[in-house]
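*Asks:* Can you keep this structure in mind? I'll have questions shortly.
Values in this text are rule-based calculations from the coordinates and carry no lab data. What you are looking at is a predicted structure, and each value in this text was computed from that prediction instead of being measured. Note that we place each Cβ from the backbone using ideal geometry, even for glycine, and neighbour counts take in every protein chain shown.
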Amino acid sequence: MPRLVVVSNRVADPRRTAAGGLAVALSEVLHATGGMWFGWSGKVIAAADGGRPGEGKAHRHQAGPVKLVTVDLSAEDHRAYYLGYANGVLWPVFHYRLDLADFDAGYIEGYRRVNQLFARLLAPLLRPDDLVWVHDYHLMPLASELRALGCQQRIGFFLHIPLPPPMILAAIPGHDWLVRSLCAFDVVGFQSETDHQHFCGYIEREAKAQSLGEGRWRVFNRTLHAGAWPIGIDVDELEALAKAPEARDMHARMQREYSRRMLLVGVDRLDYSKGLPHRMRAFRHLLQRHPETHRNATLVQIASPSREDVSAYSDILHELESLCGSINGNFGDLEWMPVRYIHRTVARPRLPGLFRASRVALVTPLRDGMNLVAKEFIVSQDPQDPGVLVLSRFAGAAEQLEQALLVNPYDTEGTADAIHLALQMPLEERRARHEALLATCKRQDVHWWCESFLSALRQAQAHESGTPWLRL
Ligand code: GDG
């Protein structure tokens, strides 16, 4: 089996299980092949301490059979590559939020500089038959930079966030360079068929790509395989967590506290793509329209802190705090607060207990690549008395989880109606929907995802040595 080399913005130590499903899934293959994980260390070096743009050293650590290689970034590179281009341009535009994008010309250069730095440090560590798997929007130009240095390995890319339609993508100055860079990969994977179709539409129209059938394209003198590989969760890991004392304790506590009430739950990173204010407005509408929910329905909303150094995130924080405060002020009384808003990260072992104690989960992003919380909620349920998933049709997960109650989060009234339906849903129907949803989560879990993407990458032709890769 060829060695797997994973490249992502951040590197997770696979020995720590708290790293979550993706790290667990990748670590299995990394272990089996004595692989390597390469990425940013998370450290930023100020100019005064010698941090220079485009420069950095590779630090190597051994984690069992797996090699971890990390690079520190200079403050200037961190500002332009991470805060500027990745999170100030690509994240908002790929989530259809052109209004939030900051197209400062200097960012794209910083983005390219860090990708070149990564390529320069990674290239000498690669063996000819390695399989290289690059993750996410931070590293879209990495394969073209590696090819420019002569790397001929099979290199795959997976985009964890959505890919917008061609006309939105085309609003990014330099979009043609970005997509052309993507075409230096051998396999390009998306979360959903919708995102995959956006990519095909773009390369057909803008790059005159020729379809070879079965997801293969001839474009920029290369052959590329593109497809949808929806990411799953580690069902076994979550089931084990659900049986552990922390989850059972959490479940018992929530059941005691809410024995007379119906619990609704939301667990999200505090991000404008997750539609938290829209969700609060729908919940407020439910309380206005259905007085029987008063003193009866409580929404626990965990909004874990995220990217607090990016300015758009402080606006969403204030909007959410003000909405929660006004809902509690207008509807709450001495014995009942409709919303419990928690702006902290809850320990992972407690989440399955919270999910299991909840009658309804609200997973209502305005746009999401996949959304793993939807799947974690399903797997955590008691199959004999399961809760109901209210899911945005704009989450990638909606393509797979069609037995959830699908909503348009922009439609406050429609979402409130769906929440009401969920709270009232008879046991029979809850069981039937849950059974189908659980089967999907189990069939297409994170191991399936990992294996099916890697199998496509193994089948890709090693980069044709006779074909010069033109520098972009
Ligand atoms: C990107 C894409 C795609 C959340 N709050 C807490 C907590 N979480 C955990 C959840 C879940 C994970 O974080 C979030 O995953 P999502 O899928 O919802 O979203 P993103 O972070 O935006 O991830 C997304 C994903 O990549 C994978 O490809 O699905 O579409 O945007 O596991 O449980 N975990 C703990 N405490 C919290 O407070 N412990």
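*Asks:* Quick one: 3J(HN,Hα) in Hz for the range 275-284, Karplus 6.51/-1.76/1.60 with θ = phi - 60°, rounded, Gly and Pro as x.
*Replies:* Going residue by residue, I get x, 5, x, 4, 5, 5, 5, 5, 5, 4 Hz, with x marking Gly and Pro.
*Asks:* Mind listing the phi-derived Karplus ³J(HN,Hα) values for the range 389-394, rounded to whole Hz, using 6.51, -1.76 and 1.60 with θ = phi - 60°, and x for any glycine or proline?
*Replies:* 3J(HN,Hα) across the range 389-394, in whole Hz: 9, 9, 10, 5, 5, 9.
*Asks:* Starting from the 7 Å offset along Cα-to-Cβ, what nm value, one decimal, do you get for the label separation of residue 427 and residue 289?
*Replies:* 2.8 nm
*Asks:* Quick check for me: using +1 on Lys/Arg Cβ and -1 on Asp/Glu Cβ, what's the dipole size of the chain about its Cα centre, in debye to the nearest 20?
*Replies:* Dipole size: approximately 680 debye.
*Asks:* Taking only the Cα atoms of the range 235-443, how large is their convex hull per residue, in Å³?
*Replies:* 113 Å³
*Asks:* Just to confirm the filter: which GluC sites (Glu not before Pro) across the range 186-223 are DSSP coil and have at most 13 other Cβ within 10 angstrom of their Cβ?
*Replies:* Qualifying residues, ordered by number: 214.
*Asks:* Cα axis of helix 193-207 to longest principal axis of the chain: angle in degrees, 0 to 90, nearest 10?
*Replies:* Around 30 degrees separate the two axes.
*Asks:* Would you mind checking which residues have amide H under 5 Å from residue 212's amide H? H placed 1.01 Å from N; only 5 or more apart, or other chain.
*Replies:* Correct list: 217, 218.
*Asks:* Mind putting a number on the dipole of the range 324-472 about its Cα centre? Charges go on the C-beta only, +1 for Lys and Arg and -1 for Asp and Glu, and I need it in Debye to the nearest 20.
*Replies:* So the dipole magnitude of the range 324-472 works out to roughly 560 debye.
*Asks:* Among DSSP bridges having both ends in the chain, what percentage is antiparallel? Round to the nearest 5.
*Replies:* 20 percent
*Asks:* Once the cut-off is 32 Å, how many percent of the Cα-Cα pairs in the chain end up in the long-distance tail?
*Replies:* So the portion of pairs separated by more than 32 Å is 42 percent.
*Asks:* Work out from phi, with θ = phi - 60° and the Karplus expression 6.51 cos²θ - 1.76 cosθ + 1.60, the ³J(HN,Hα) of each residue of the range 134-143, listed in order in whole Hz, and give x for Gly and Pro.
*Replies:* Values per residue, Gly and Pro as x: 9, 10, 6, 5, 5, 10, 4, x, 5, 5 Hz.
*Asks:* Given 387, 331, 374, which one lies farthest toward the positive end of the charge dipole of the range 317-397, if we put +1 on the Cβ of every Lys and Arg and -1 on the Cβ of every Asp and Glu?
*Replies:* 374
*Asks:* When we measure straight from the Cα of residue 43, which aspartates and glutamates land under 17 angstrom away, once same-chain ones fewer than 8 places off are left out?
*Replies:* 13, 55, 72, 76, 77, 308, 309
*Asks:* Just want the answer: with Cβ charges of +1 for Lys and Arg and -1 for Asp and Glu, which residue in 276, 241, 305 is farthest toward the dipole's positive end in the chain?
*Replies:* 241
*Asks:* Just to confirm my numbers, what's the Cα centroid distance between the range 174-241 and the range 255-275 in Å?
*Replies:* With the range 174-241 and the range 255-275 each reduced to a Cα centre, they are spaced 34 Å.
*Asks:* Among 251, 293, 341, whose Cα projects farthest towards the positive end of the dipole of the range 235-443, with charges put on the beta-carbon of Lys, Arg (+1) and Asp, Glu (-1)?
*Replies:* Farthest along the dipole direction, towards plus: 251.
*Asks:* Right, another one. I'd like the GluC sites (Glu not before Pro) in the range 234-338 restricted to DSSP loop residues with at most 14 other Cβ atoms within 10 Å, sorted by number.
*Replies:* Those that pass, being in a loop and sparsely packed, are 308, 335.
*Asks:* Further, regarding this structure: Mind sorting 71, 373 by how few other Cβ atoms lie within 10 Å of their own Cβ, fewest first?
*Replies:* Fewest-to-most Cβ neighbours within 10 Å comes out as 71, 373.
*Asks:* Pop a pseudo-label 7 angstrom from the Cα along the beta-carbon direction at both residue 342 and residue 385 and give the gap in nm to one decimal.
*Replies:* About 2.1 nm separates the two model spin labels.
*Asks:* So which chymotrypsin sites (Phe, Trp or Tyr not before Pro) in the range 348-426 pass both tests, a DSSP loop state and at most 16 other Cβ atoms within 10 Å of the Cβ? Could you put the intermediate results ahead of the total?
*Replies:* Working: sites: 355, 377, 394, 410; in loops: 394, 410.
Sparse-neighbourhood loop chymotrypsin sites (Phe, Trp or Tyr not before Pro): 410.
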